[in-house]
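K.L.:
Can you read through this structure? Questions will come right after.
A short reminder: the numbers here are calculations on the coordinates, not readings from a lab. As the structure is a prediction and not an experimental result, all values here were calculated from the model. Cβ coordinates were reconstructed from backbone atoms using ideal geometry, including for glycine residues, and neighbour counts include every protein chain displayed.
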Amino acid sequence: MIKYFGPKINLLKNLEISFLPGFSSKYLKNLKLKNKKTNYFYILKEKQKLKFNYGLNNSKLKKYIKQLKYKKGILSLNLIKLLEMRLDYTLFRVGFCKSINQAKQFITHEYIFINKYLIKKPSYILKPQDIIHIKLCSISLINIIKNNLINYIKLYSNNNYNLYYQICIETFKIKILRNINSRESLLKLNNLLLMDTFNKIK
């Protein structure tokens, strides 16, 4: 898990982006772009966006790249599809958690079950027909999830890519219907620049 303890707005400024969905719900207004950037800056920017959005450290990112390097298709797109199906990111995508970090807390605090089995790994990769269930052990947890859902709907009301899961608000259950397509990601990346980085990893 990648750790960042500084102001989240400062990270957005350094990456020169207005919004990073999985990292924070904060939105940077009046973004100012710096001049005289090298190609290395743009490559590093895409890599940092990927790491912070999905909560990955360097070793975890390298592990995924090596795992997918010889798989059929475009490496960067295959990586996005895999990361989108992680348990922690899915909890964020359905609106139950406000960020990846909160999703990781839900999992490590043993609130999350998949197909009736307790799952303690945020990196667990979901499959079609998996059913996620949240153990509602307190009223405060229920209120946190409800508030997260309200805020998520406000932020992503124009997002039409929600058909890969089915959600039941009454029971707080999520059913995964299919694998997500890389085009459905909330994070927009430059795949050519990412490929330049990934090809250097052995």
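K.L.:
What fraction of the Cα pairs in segment 87-179, stated in percent, has a spacing above 22 angstrom?
P.N.:
Here the tail beyond 22 Å accounts for 19 percent of pairs.
K.L.:
Looking at segment 100-201, which GluC sites (Glu not before Pro) are DSSP coil and have at most 13 other C-beta atoms within 10 Å of their C-beta?
P.N.:
When the GluC sites (Glu not before Pro) of segment 100-201 are filtered for loop state and at most 13 Cβ neighbours within 10 Å, 110, 170 remain.
K.L.:
On to the next question. Please get the size of the charge dipole for segment 103-173, origin at its Cα centre, with Cβ charges of +1 on Lys and Arg and -1 on Asp and Glu, quoted in debye to the nearest 20.
P.N.:
For segment 103-173, the charge dipole is close to 140 debye.
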